[in-house]
Amino acid sequence: MSSDLWFKHYADSLTSNTKLKALVRKYGAFGYAAYFALLEALYRNNGNPVTVFDAESLARDLKISPRKMIEILDYAAGPECDFLIQSTADGYESNVVSAVIKHNRKAAMARLTKARVAAQARWRAQATKEC
């Protein structure tokens with residue numbers, strides 16, 4: 001499971017994101033909900049693709065038909081939405097989510113390395129005082 005249990009959701013994502021706007025114009029609130037449900041699932045999956053089976057499960061949670069969910073996601077992955085998400089043989093994914101998870105991991109590793117170096121310096125200083 002990913003440690004990225006939250007993600008930024010800009011307050012103006014509906015008005016400033018033309019790709020998302022195209023999805024919402026066609027499918028309304030269902031398109032909006034399907035997109036953000038997919039993003040949440042991608043973060044839970046550590047950026048790995050959401051399978052069609054998982055997407056159908058999300059549809060049931062959103063109280064829409066699995067067929068409609070797949071239709072919405074296929075539309076979001078197409079040229080009409082300027083490829084808001086990607087459809088692969090493994091399912092649905094997002095280059096943006098993958099990039100954010102990769103960035104967060106890199107930042108976390110940098111923080112861990114910095115903390116390790118600082119702790120080792122303290123231990124060496126303490127050991128020097130004791131001798």
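The values are calculated or read from the model by the stated rules, or taken from the named source; none is laboratory data. Remember, it's a predicted structure, so these values are computed and weren't measured experimentally. Virtual Cβ from ideal backbone geometry, glycine too; neighbours counted across all protein chains shown.
The table below gives the values:
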{"quantity": "Filter pass, A11 being surrounded by fewer than 17 Cβ atoms within 10 Å (Cβ to Cβ) and outside any helix (DSSP H, G or I)", "calculated": "yes"}
{"quantity": "Pairs, first farther than 10 Å from L73 by Cβ in segment 39-60, second part of a helix (DSSP H, G or I) and among the hydroxyl-bearing types (S, T, Y), C-beta under 7 Å, six or more apart", "calculated": "G47/S98"}
{"quantity": "Which listed residue, of A29, A22, A41, is within 30 Å of M109 (Cβ to Cβ), modelled with pLDDT of 90 or more, of a type outside the set (D, E, K, R) and assigned to a helix (DSSP H, G or I)", "calculated": "A41"}
{"quantity": "Test result for Y35, out of contact with any Pro (no Cβ under 9 Å at 6 or more places or on another chain), buried (at least 16 other Cβ atoms within 10 Å of the Cβ), among the aromatic types (F, W, Y) and in contact (Cβ under 8 Å) with a residue 12 or more places away in the chain", "calculated": "yes"}
{"quantity": "Residue in segment 78-95 that is farthest from R25 (Cα to Cα), counting only those that are surrounded by 14 or more Cβ atoms within 10 Å (Cβ to Cβ) and under 15 Å from the mean Cα position of the chain (by Cα)", "calculated": "G91"}
